[in-house]
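Working notes, beginning with the structure itself.
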Amino acid sequence: RALAATASRPRQLAWIAGLVAAPILLTVALMPRIDYLPPVQRAAADANIDLPPGMSIQRADREIAPILLERMRPYMDGDKQPKLRNWYLNIWGSGSAALGARTEDPGRTDDFLRILREEITADLPDTMSSVYRGPLFGGFGGSARAIAIHLQHPDADALIEAAELGRQRLTERFPEGTVRTWPNVAAATPELRIAPDDRRLAEVGWRRSDLATVVRTLGDGHWLGEQFDGDSRMPIILRGADEPSLTGLRSAPLATPYGGITQLADLARIDTVLAPSQLRRLDGRRTVSLTIDPPASMSLQEALEVVDREIVPALRGELPSDAEVRVSGSADRLDEVVRTMGGNFAMALLVLFMLMAAMFRSLRDSAYVMATLPMALLGGVLGLQVLNLVSGQSLDLLSMIGFIMLLGMVINNAILLVAQTREAQAEGLDLDGALHEALSRRLRPILIAALTGVMGALPMAVNPGPGAEIYRGMAVVTVGGIALSLVFTVLLIPALLRLLEARRARVPAAAMSAADAVGSA
């Protein structure tokens, strides 16, 4: 039937166009969204809690921790379901806390996630909580799919206002995602902000660095050096005689280089403000970073497009004109992975082509075999699209590896057909007879090998067990690519050989006819 379907030249052209050119176009058109790693979640429920501004660890331990432990206790003891296997509660000095637990039955993690959101962390006074399932790839600080937006400018107030706007926009745009700020702008603590008056400093003969030394001396102390007695080192610290206080700091008498006595309040503006408890600098510039873990239903490429199209322009409009907004994190890793995997895929194609050329001792036969690959790639893409309709599958790193593996699997079928055809031609059969011989002898081994690959990967593609979800995309690529390639390879190889070999035969015949015509003339 394969030989009958490719008997005429129009049919041969139609099969070649439909099985080589069309799959390439369809593969590009149907290519799924790109992701970094599969969005597999841990069997645990976690919560980040932003504590009230200025709350110390000791106060949080007295006021917040007992409430959380009282609400968690029935689930720890098994009085309420689901029963917990283990749990943790961390209170950080940065004005935040982390709470999480694992259930005895991993299948009930989502149930406890709802309880954690609606019961345990609900109605805590002056706090803001975000509840989520932590990623399998990554740690407590974020996942391997996290996108970081860095806001950089010397004005801390402008950074905080822009970060709060960005947090609101990200929360609205990604309601199922997890948004964090670093440092935590919601956990502000009181601090003294001292702004030097450069004119007054110049009048008394000081620079900004001199004023900074004075402030350190009046505060915790200024380090002068060390004294070594041959056995140990003792730091030498210059410190004011009185305990530092706001009033004492403002009125502290200072002897200036020009002989005058003045107060610190005359040389700088001293304000008490609320500010993040941490300072962050990136490349030497003051920075506040926003991180977003996209929901599992959204690919990393889609999330990056939303951030670039909607979030970044809003942040640029909120910040001063000389501020900088940078997107990094998984965005950088995704670009690097795409470049690396694209290079590896091209190298795999080149190596396959050269190996087959050496085996066949013919570049032409090697090209015939390579022409069957677009159909296999289309099968893998179609498999990902079907799985995407069911469970939201994207083209992640492991799926890309699956395409590279697919090359070596599906190319064996075409190699068997071409090799058997050439062997039969060497024994004296014409092309049609050689193709018939190759199909009759090699079709059953091809079917057995293809079915073995499909049936081996099908269980993981259809119903992966716990922990095997990360390989589901790879399995679907294998099943789709092998199945589609198997169906059409037996049509494409005869069509290619018949069309191109017939053309090769016509060229020498035409040359001989022309030579005979010249000789007779």
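The values are calculated or read from the model by the stated rules, or taken from the named source; none is laboratory data. From a predicted model like this one, the values you see are computed outputs, not experimental measurements. Using ideal geometry, Cβ is built from the backbone for each residue, glycine included, and neighbour counts are taken over all protein chains shown.
So the values come out like this:
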read-out	value
Unmet criterion (only one of (1) over 30 Å from residue 297 (Cβ atoms); (2) under 28 Å from the mean Cα position of the chain (by Cα)) for residue 41	(1)
Unmet requirement for residue 207, which otherwise passes all of (1) over 48 Å from the mean Cα position of the chain (by Cα); (2) exposed (fewer than 13 other Cβ atoms within 10 Å of the Cβ); (3) at pLDDT 80 or above; (4) of a type outside the set (Val, Ile, Thr)	(1)
Test: residue in segment 158-166 that is within 17 Å of residue 270 (Cβ to Cβ), touching a Leu at 6+ places or on another chain (Cβ under 7 Å), at pLDDT 85 or above and surrounded by fewer than 20 Cβ atoms within 10 Å (Cβ to Cβ)	no
Counted residues, segment 17-47 - those being closer than 23 Å to residue 333 by Cβ and part of a strand (DSSP E or B)	3
Tally, over segment 108-134, of residues that are surrounded by fewer than 17 Cβ atoms within 10 Å (Cβ to Cβ) and in contact with a Pro (Cβ under 9 Å, 6 or more places away or on another chain)	4
Residue 213 being closer than 30 Å to residue 36 by Cβ and at pLDDT 80 or above	no
Residue 408 being assigned to a helix (DSSP H, G or I), modelled with pLDDT under 90 and within 23 Å of the chain's Cα centre (by Cα)	no
Given (1) closer than 30 Å to residue 50 by Cβ; (2) hydrophobic (A, V, I, L, M, F, W, C); (3) surrounded by fewer than 15 Cβ atoms within 10 Å (Cβ to Cβ), number of the condition residue 255 does not satisfy	(1)
Meets criteria (under 22 Å from the mean Cα position of the chain (by Cα) and not assigned by TED's automatic domain parsing to the domain that holds residue 403) for residue 60	no
Residue check for residue 332: within 15 Å of residue 148 (Cα to Cα) and without any contact (Cβ under 8 Å) to a residue 12 or more places away in the chain	yes
Residue under evaluation residue 24, criteria (1) within 28 Å of the chain's Cα centre (by Cα); (2) buried (at least 17 other Cβ atoms within 10 Å of the Cβ); (3) assigned by TED's automatic domain parsing to the domain that holds residue 379; (4) of a type in the set (A, V, I, L, M, F, W, C), criterion not met	(2)
Scan of segment 463-521 for residues that are part of a helix (DSSP H, G or I), modelled with pLDDT under 65 and either within 21 Å of residue 408 (Cα to Cα) or small (Gly, Ala, Ser) (or both), ordered by number	502, 505, 509, 510, 511, 513, 514, 515, 517, 519, 520
Where a residue in segment 481-499 is more than 10 Å from residue 450 (Cβ to Cβ) and its partner, wherever it lies, is aromatic (Phe, Trp, Tyr), with Cβ under 7 Å and at least six apart	491/15; 492/15; 493/368; 495/15; 496/368; 497/368
Those strands (runs of 3 or more DSSP E) lying entirely in segment 160-234 with at least 2 residues in contact with a Pro (Cβ under 8 Å, 6 or more places away or on another chain)	188-196, 222-228
In segment 383-397, residue nearest to the chain's Cα centre (by Cα) [restricted to those that are in a helix (DSSP H, G or I) and surrounded by 20 or more Cβ atoms within 10 Å (Cβ to Cβ)]	397
Pair list, Cβ under 9 Å, 6 or more apart: segment 69-93 residue on the phi > 0 side of the Ramachandran plot, other residue surrounded by 15 or more Cβ atoms within 10 Å (Cβ to Cβ)	78/84
Close pairs (8 angstrom Cβ cut-off, 6 or more residues apart or separate chains): at negative phi in segment 424-437, among the polar types (S, T, N, Q) and exposed (fewer than 15 other Cβ atoms within 10 Å of the Cβ) anywhere	none
Selection within segment 287-325 - small (Gly, Ala, Ser), outside any helix (DSSP H, G or I) and surrounded by fewer than 15 Cβ atoms within 10 Å (Cβ to Cβ)	297, 321
Scan of segment 226-250 for residues that are within 17 Å of residue 194 (Cα to Cα) and either touching a residue at least 40 places away in the same chain (Cβ under 8 Å) or exposed (fewer than 12 other Cβ atoms within 10 Å of the Cβ) (or both), ordered by number	245, 246, 247, 249
Qualifying positions in segment 67-87 - closer than 14 Å to residue 121 by Cβ and of a type outside the set (A, V, I, L, M, F, W, C)	70, 71, 75
Qualifying residue in segment 69-79 (condition: at pLDDT 80 or above and among the basic types (Lys, Arg))	yes
Pair list, Cβ under 7 Å, 6 or more apart: segment 214-225 residue in the same structural domain as residue 249 (by TED's automatic domain parsing) and under 14 Å from residue 241 (Cβ atoms), other residue in a loop (DSSP other than H, G, I, E, B) and aliphatic (A, V, I, L, M)	218/252
